[in-house]
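Peer 1: Could you have a look at this structure, given as structure tokens, before my questions?
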Amino acid sequence: MTTTNETTQKLYGPYVGYTVRHCPDCGTDFISREDGARCPHCGGESLERDDARVCSHCGAIMQSGYVVDGGMAYYDTDDCRNQHITAAEWDERYDDDSDENYWTSWAE
Ligand SMILES: [Zn+2]
Ligand SMILES: [Zn+2]
């Protein structure tokens, strides 16, 4: 059986749906798909960071990069993005005024 998750992972990358989480107790940043994920370092409760995203292709924590299809996927570099969307495809979809496909920075 093919789940939606497997389909979107094939389309966008293995780290689709991951968020960056922060442990206020020990300061560890980590990535997870679970909402209430515990800190892998100290086991404490973690919070989701809204100033960072996870690259859907390589799993890197990023504070700026590409938003694809309104946040279905994020890519930190052209290289990662090109694994899923060709440069020509991106040029067609990309628009500075678009709220679906664009480059942005979440850092303050
Ligand atoms: Zn911790
Ligand atoms: Zn990447």
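Peer 1: From Cα pairs below 8 angstrom and at least 6 apart in sequence, can you work out the relative contact order of region 21-90, rounded to a whole percent?
Peer 2: Details: 92 pairs, mean separation 14.7, N = 70.
Value for region 21-90: 21 percent.
Peer 1: Using a simple spin-label model with points 7 Å from Cα along the Cα→Cβ vector, what separation in nm is obtained for Thr104 and Asp69?
Peer 2: 1.8 nm
Peer 1: Moving on. By how many nm would the segment from Asp51 to Gln83 lengthen if fully extended, with 0.36 nm per residue of separation less the alpha-carbon distance? Can you show the working numbers first?
Peer 2: Numbers: separation 32, 0.36 × 32 = 11.52 nm, distance 2.46 nm.
Net length gain for the segment: 9.1 nm.
Peer 1: Ok, one more. Just to be sure I understand the model, the point goes 7 Å from the Cα along the line to the Cβ. What's the resulting Asp25 to Thr7 distance in nm?
Peer 2: My value for the distance between the label points is 3.9 nm.
Peer 1: First check a/c for region 32-76, with a ≥ b ≥ c the square roots of the eigenvalues of its C-alpha gyration tensor; if it is under 1.5, answer rounded, and if not, answer prolate when a/b is larger than b/c or oblate otherwise.
Peer 2: prolate
Peer 1: Which whole-number value in Å³ per residue fits the convex hull of the alpha carbons of the chain?
Peer 2: Numbers: hull volume 11.7 nm³, N = 108.
So the per-residue hull volume is 109 Å³.
Peer 1: At 0.36 nm per residue, minus the direct Cα-Cα distance, what do Ala60 and Asp95 gain on full extension? Give it in nm, one decimal, please.
Peer 2: Details: separation 35, 0.36 × 35 = 12.60 nm, distance 2.45 nm.
Fully extending the segment from Ala60 to Asp95 adds 10.1 nm.
Taken together, the values in this text are just the output of simple stated rules run on the coordinates, not laboratory data. Values in this document were obtained by computation on a predicted structure and should not be read as measured data. For neighbour counting, all protein chains shown are included, and Cβ atoms are generated from backbone atoms with ideal geometry for every residue, glycine included.
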